[in-house]
Amino acid sequence: MNTGQLKLVSWTLASVFGLGLAGYVGNYLLHRGTLEARVGGKEIQDVLSKVTPVEKKAEDIVSYDLVNAALYKFNWTGKAPPKPVEEVKPVAKVTPGTEPVSTLVQVLLIKEDPIDDSGSRAVIKYLPAAKVTMKDPAIVKHVGDTLDGSLDFISIGDITAAGVVFKFRDGKRADETVGVNELSRRLDMDTIAGTKGVLPATPEVRYPKGPRYGEAPDRTVRLSDTSFQIGTADMDDWNDNYQDYLTEVEHRQHRDPSTGKYDGIVLDKVPPGSVAAAHGAKDGDIIKSINGHPVNSTQEAISFVKNNKDKYDVWEVEVENKGKIRIVTYKVPKKK
């Protein structure tokens, strides 16, 4: 299309639009009165009454349930829907007062301290009926301890030669005593997990009971492998003749091989039947400390005991033998 043709088309379109606008304006001027006249309500009603109503289609109506499912429940926010809350099932518990303790707990070993209840302890094992799961197959319990898990309404009332006395929280049920399992009596202590070194390795040996509180025997009473009640006569004899008794035992200073420093007293040879042997000493024992005070020589140990004899009623001696530590306890008579 050249320039002359483009001009012709432009002028033609302008003329058409101009004539159309002039016709519209002319028509408005001729009918201005009619167009600007106010239409009454009756005329509007007559016109609307002649209009055919639009038929409503059922598919145009959306039910509330569909909208709720599509917009509300579907979650258009983009966030992950919350995880459903799992129903917590109640843990099965043993109803207090229904099961005999002997069907819930097995007593494996007993260590009785007739002088001090805090020194008594027992090794127990939970039976399947108890519904208590423990990491170790056997656990140590003391007087006053409660059982674990759903059996926390049962506590250790006493530990005697006859067995473990179990008490019940509500106080309405009579105490029950469970004796040591006969097979367990023959087990070596080191074969029971979690209790190594806690109880003597020969639990079948029972020592005679010592005197009651406030009393002291004339002769020393061996309460366990590592616990002694010193008799009054033996105490006086030791004070007068301790130098003679020391010569019975071959001993020397112990030197730590890693540091080269002295750190205890070695008992190289303890004769059977000697006073030291009767009080728990063994060949190869290394005395490390007395009541927490390190001792590096015999003279240092004697000096510590002499200087503190009126301060302590109980002496705890830390002893090492073949890499194992044990605490030997000596309870001395109280002065009146």
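The values are calculated or read from the model by the stated rules, or taken from the named source; none is laboratory data. On a predicted model such as this, the values are computed, not experimentally measured, just so you know. Every residue, glycine as well, gets a Cβ built from its backbone with ideal geometry; the counts of neighbours run over all protein chains shown.
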Regarding S258, is this residue modelled with pLDDT of 85 or more, under 24 Å from D145 (Cβ atoms) and outside the structural domain of K125 (by TED's automatic domain parsing)? no
If G260 satisfies all but one of (1) farther than 20 Å from V332 by Cβ; (2) of a type outside the set (S, T, N, Q); (3) touching a strand residue (DSSP E or B) at 6+ places or on another chain (Cβ under 7 Å), what's the number of the condition it fails? (3)
Here are some conditions: (1) modelled with pLDDT of 85 or more; (2) buried (at least 18 other Cβ atoms within 10 Å of the Cβ). P114 meets all but one. Which one does it not meet? (1)
Can you pull out the residues in the stretch 151-165 that are in contact with a helix residue (DSSP H, G or I) (Cβ under 8 Å, 6 or more places away or on another chain) and within 17 Å of V132 (Cα to Cα)? L151, I154
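Please pick out the residue among K311, K324 that is under 18 Å from D225 (Cα atoms) and assigned by TED's automatic domain parsing to the domain that holds Q253.
K324
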Would the stretch 43-60 turn up any residue that is surrounded by 10 or more Cβ atoms within 10 Å (Cβ to Cβ) and modelled with pLDDT under 75? no
What tally of residues in the stretch 248-260 results from selecting those that are part of a loop (DSSP other than H, G, I, E, B) and under 25 Å from S224 (Cβ atoms)? 2
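Among D170, D136, which is the only one that is part of a loop (DSSP other than H, G, I, E, B), under 19 Å from the mean Cα position of the chain (by Cα) and not basic (K, R)?
D136
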Selected residue (criterion: nearest to V180 (Cα to Cα)) from residues of the stretch 128-144 that are exposed (fewer than 15 other Cβ atoms within 10 Å of the Cβ) and modelled with pLDDT of 85 or more: H142
Just for the stretch 209-241: of the residues that are over 17 Å from T160 (Cα atoms), in contact with a strand residue (DSSP E or B) (Cβ under 9 Å, 6 or more places away or on another chain) and at pLDDT below 80, which one is surrounded by the most Cβ atoms within 10 Å (Cβ to Cβ)? A216
Here the residues within the stretch 116-133 that are touching a residue at least 40 places away in the same chain (Cβ under 8 Å) and assigned to a strand (DSSP E or B) are R121, A122, V123, I124
Out of all the residues in the stretch 228-241, is one or more under 17 Å from V270 (Cα atoms) and among the hydroxyl-bearing types (S, T, Y)? no
If I filter the stretch 261-276 down to residues being over 42 Å from the mean Cα position of the chain (by Cα) and outside any strand (DSSP E or B), which single residue comes out as surrounded by the fewest Cβ atoms within 10 Å (Cβ to Cβ)? P272
Within the stretch 105-145, the residues that are more than 28 Å from K331 (Cβ to Cβ) and either of a type outside the set (A, V, I, L, M) or not assigned by TED's automatic domain parsing to the domain that holds F166 (or both) are Q106, K125, Y126, P128, K131, T133, K135, D136, P137
Y245 passes all but one of (1) hydroxyl-bearing (S, T, Y); (2) farther than 21 Å from Q229 by Cα; (3) touching a residue at least 24 places away in the same chain (Cβ under 8 Å); which number fails? (2)
